[in-house]
Amino acid sequence: VGVLLFCLATVWQPQWLKTEKTLVEFVQQEPAATLLYVDSRPFSARYYSRGQAGLISMPELVTRLSTTSGQQPLYLAVPRHQANEVRTILQQALGEAEPVFENRGYHLFEVVLKRTLTQLPPPASTISSCQPSCSQARLTM
């Protein structure tokens, strides 16, 4: 019975297994995305990302959020016990922060820096052709 329940859980809820495969696959849906683990990076994250998953400390995260801008998507994998602390930091830096994915050990946050046209005025000739997506720029580290 225990083996059957384990097999069923694996099929229906693979994110609850002790592996980072599904989290890494979620991030890899965006080819240019950067994945950083906060304070610890499990071996399975390094394995499934082919060594591309990075590591950042909490103090480095705070510093980079206040000084970085860019265009590539950034995802932060945060240990469950630190999720509320990182959520607060992201809310202060970016105005919003909700996990886009969760597994057994981590909450995954997408870091997006929102800027309005008044903060970054485009040349006058491009204002009329700017789509709503012009008001968002993604933050990378």
Seminar exercise, completed: The extension gain from VAL100 to VAL112, computed as 0.36 nm times the residue separation minus the Cα-Cα distance, is 3.1 nm
Exercise. Under a plain spin-label model, where a point goes 7 Å from the Cα along Cα-to-Cβ, how far apart in nm are SER40 and THR63?
Worked result: 2.3 nm
Exercise. Each label point is 7 Å from the Cα along the Cα-to-Cβ direction; what then is the distance between the points at GLN72 and GLU30, in nm?
Worked result: 1.2 nm
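Any read-out appearing in this document is the output of simple, stated calculations on the displayed coordinates, not a laboratory observation. What you see is a predicted model, and the numbers here were worked out from it, not measured in a lab. Note: ideal-geometry Cβ built from the backbone for every residue, glycine included; neighbour counts use all protein chains shown.
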